Amino acid sequence: MIDRILGMFTTVSQEPHGSVWIVFFIGVAFGVIVQYSRVDKFEKIAGFAMLRDTVVPKMLFLAIGIASIALYFMVEAGYASFHPKPVMLGGLIIGGIIFGAAMAIFGKCPGTGPISIAEGRIDVMVGAVGGIFGGLVFTVYFDSFKKIIGESLGKPTLVSLFQGHETLVVLIFGIGLIIISIMIPLREELDSEDLKQLES
Amino acid sequence: MPRRISWWVGGILMALLLLFTFSTLGAGRPFGASTYVPYFAGILFDLDPQKYPYLQEVHNAGAWEGVMLLGALVGGFFTSVFITKSFRFSIMPTGWKKYKNNSITSRLVWSFISGFLLIIGARMAGGCTSGHFLSGMGQTAISSMIFGGVVLITLVVTGKLFYSKEALDD
């Protein structure tokens, strides 16, 4: 097992997707941003499912809005490239339903879960064990899952569908999302246990 | 130093991180955070990639996210101890007690089940909040908009059905 864990670093160092340190640094920055804005909390994610907290959708839509416009111009200038995921209807719809229901109950997603384990959440640790078993079942029964996921219908993007008007479309999309992020009324479900620690 | 950042500071910083990850100066790839799970399952259960083709498929992305995740654990831990002061061991989320029930067993059983389903759903869809919402919609990908729409609806419907409407009295 140790050699496979070490192999993880070798794999990353041989790939052209940033040195091990850059990838590690991206993770550190992700951990800091998520922790600092508190969106790893049950009250933020399950709170959004109950519509008692809107920090998660406001932050997500703002980030996507800014990133979509900037990324488009970065790709145009040759500093980045697009890697959209394929449309596979079974996987996206059935997977999305399972994912959405699980996210509401768990109050975490795969990225925020580990960050809340890092702040001492034992229930999330138990959920992570469940997640590892989910990964195991998916890997072992991949052939059966593939049948539900379905065929790839290509990798269209909104921008690619409006050839000749790409810049306009990405500006409408991005600015639209930024406006939505501002318009969603700010509601917060705060964790009293969390706030108590600030007083001491 | 402020103990919290507001949603818009968080959103701007997240956009910058996403752009850095995409850029050729950073990683030249999208940001994702659910492929590492089957990758780790393969390591923990010592599955042979020759026998399980999915492990070959996630070999590179899983390793990338594995290293990224180590960074996220370090970043999350130090921020929770020194900045947000939120580090403490706990089993029961305050919100679960307030809107669901007071039973630790109930929380842990549901955590296990939902953690299991979360990964099944993410791997079926080919991404999660990071890979589909942030990276995918950031590229205006149609696949990610379908996923995003389905997840938002299911999330809110589940929230309505699963939790009580009013705060429970303790």
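Sorted largest first by accessible area at a 1.4 angstrom probe radius, with every protein chain in place, the residues B:PHE133, B:PHE87 fall in the order B:PHE87, B:PHE133.
In the distance distribution for segment A:70-145, Cα-Cα pairs more than 16 Å apart total 66 percent. Size descriptor for chain B, Kirkwood hydrodynamic radius: 18.7 Å (Cα pairs only, one decimal). Counting only other chain Cβ atoms within 10 Å of each residue's Cβ, the peptide B:39-46 averages 6. Only protein atoms count toward the accessible area here, which uses a 1.4 Å probe; on the protein assembly as shown, the carbon and sulfur part of that area reaches 70 percent. Take the Kirkwood radius over Cα pairs of segment A:63-200, plug it into Stokes-Einstein at 10 °C and 1.306 mPa s, and you get 84 µm²/s for translational diffusion.
Over chain B, dividing the summed -39,500 (n - 2.57) contributions of all DSSP H runs of at least 4 residues by the number of residues returns a 222 nm mean residue ellipticity of -19000 deg cm²/dmol. Three principal axis extents describe the C-alpha atoms of segment B:15-88; from largest down they are 46, 35, 13 Å.
Residue by residue, segment B:76-89 carries 3J(HN,Hα) couplings of x, 5, 5, 5, 5, 7, 9, 10, 7, 6, 9, 5, 6, 7 Hz when phi is fed to the Karplus relation 6.51 cos²θ - 1.76 cosθ + 1.60 (θ = phi - 60°); x denotes Gly or Pro.
Interface B-A: total buried accessible area of about 11600 Å², 1.4 Å probe, protein heavy atoms only. Over chain A, DSSP H runs of length four or greater, each weighted -39,500 (n - 2.57), average out per residue to a 222 nm ellipticity of -22500 deg cm²/dmol. Projecting label points 7 angstrom from Cα along Cα→Cβ for A:THR10 and A:GLU151 puts them 4.0 nm apart. The ellipsoid that matches the Cα gyration tensor of the protein assembly as shown has semi-axes, each √(5λ) in whole angstrom, of 28, 25, 21, with the longest given first. Only lysines eight or more places from A:LYS146 in sequence, or on another chain, were considered; those with a Cα closer than 19 Å are A:LYS85, A:LYS155, B:LYS51.
In whole Å, how far is the Cα centre of segment B:38-83 from that of segment A:136-200? That distance is 21 Å.
For segment B:88-141, the Kirkwood radius over C-alpha pairs fed into Stokes-Einstein at 37 °C and 0.692 mPa s yields D = 248 µm² per second.
The values are calculated or read from the model by the stated rules, or taken from the named source; none is laboratory data. Every value quoted in this text rests on a predicted model; they were computed, and no experiment measured them. All Cβ positions, even for glycine, are placed from backbone atoms using ideal geometry, and neighbour counts span all protein chains on display. Calculation scope for accessible area: heavy atoms of the full protein, side chains included, ligands and nucleic acids excluded. Shrake-Rupley method; radii C 1.70, N 1.55, O 1.52, S 1.80 Å.
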